[in-house]
């Protein structure tokens, strides 16, 4: 509704006053509603900013311009730092992908070599027992006075060929130790998975640096060296002259300062470490050196010596059986039959004990266990080399981690350290630090 005031074209004169007659014209127009475009949020902010700047004097604008420039420089510095951090994160993600690929590689190779162990064990035993059976049949036919020499000769030759083949296969299999190869790959798979989890935890905690990238690369290369994939050229020695704990980690360096500052928490400036914890760690290290690591090395030496005996005995027995089988019917005595049959049976028993019992795997298991304890010992000693408590790893976290790695609770670990410190002279019946092994 719109009201229009229109003046009349003619005016009426009055004697006392003059007045104009007006007419009020009311007009009703139907105007269509046109939708107005809605400004985007950033345009609204721009318009509001322009309106505000109209009311600001020039001096204030100049001051704000200077402040904006300083903020721009600060923002540029933060952007460079952010780009550096994102580059480190990208590098760690790349290393994580490589580690995940290593996990699959070692897992597949470990499965393959475990299959080797089962297939070669079954095949060699079947060949050995078949050769012994043929030798026994040939001896029976010779004893009955059979004049037809063709079956006897065929059995003799077949038995001898099988025994020779078994001897050669035993030499190769005992050299490479498939059960030990499979255990090596299982250990490598577990350690690469552990490294992958550590990298993921490192990324989730943030505050990554170039040291984290270098440390991750060193760990990957150390694992590649400790557990090689190929057999020829770089295979680990299966019968070493001296048994030492396995080592799959690089040289430990002083990298705990940042960790100590990051996880300080509510520990009144000492990073959760105190003299009690230091004495507890020293006692645990002493027991690890004298009891746990020495015991694992001793057990691995026993497994190695037993495996050496079986590895030498198997080919010798099968070779003796081949020698006896080749002389069946050539001598009047019974020694060819005894060697040909009994030697083959004993060779099958020895092969079953060695590879069916997986003695090589037991040796590698105890060697790897001693390596885990050695890593624990070196980590504690490296942490205690820091003179200041603030530069060390958080004491509470270290105590919890150490207790769980040893299969104990925190209270049990403290009781063990206190009891061990009072009985330092008793070494024969001393309790081991680890309850897992």
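The values are calculated or read from the model by the stated rules, or taken from the named source; none is laboratory data. The model shown is predicted, which means the values in this text are computed figures rather than measured ones. When we count neighbours, we look across all protein chains shown, and the Cβ atoms used for this are built from the backbone with ideal geometry, even at glycine.
Pairs linking a residue in region 139-154 that is on the phi < 0 side of the Ramachandran plot and surrounded by fewer than 13 Cβ atoms within 10 Å (Cβ to Cβ) to a residue that is modelled with pLDDT of 85 or more and assigned to a loop (DSSP other than H, G, I, E, B), with Cβ atoms under 7 Å and 6 or more positions apart or on different chains, do not occur.
(1) crowded, with 22+ Cβ neighbours inside 10 Å; (2) touching a residue at least 40 places away in the same chain (Cβ under 8 Å); (3) not in a loop (DSSP other than H, G, I, E, B): which one isn't true of residue 306, the others all being true? Exception for residue 306: condition (1). On the basis of being over 26 Å from residue 307 (Cα atoms), surrounded by fewer than 21 Cβ atoms within 10 Å (Cβ to Cβ) and either free of Cβ contacts under 8 Å to residues at least 40 places away in the same chain or touching a helix residue (DSSP H, G or I) at 6+ places or on another chain (Cβ under 6 Å) (or both), does residue 226 make the cut? No, not satisfied. Where helices (runs of 4 or more DSSP H) fall wholly inside region 346-437, no range has 2 or more residues that are in contact (Cβ under 8 Å) with a residue 12 or more places away in the chain, in contact with a strand residue (DSSP E or B) (Cβ under 6 Å, 6 or more places away or on another chain) and under 29 Å from residue 301 (Cβ atoms).
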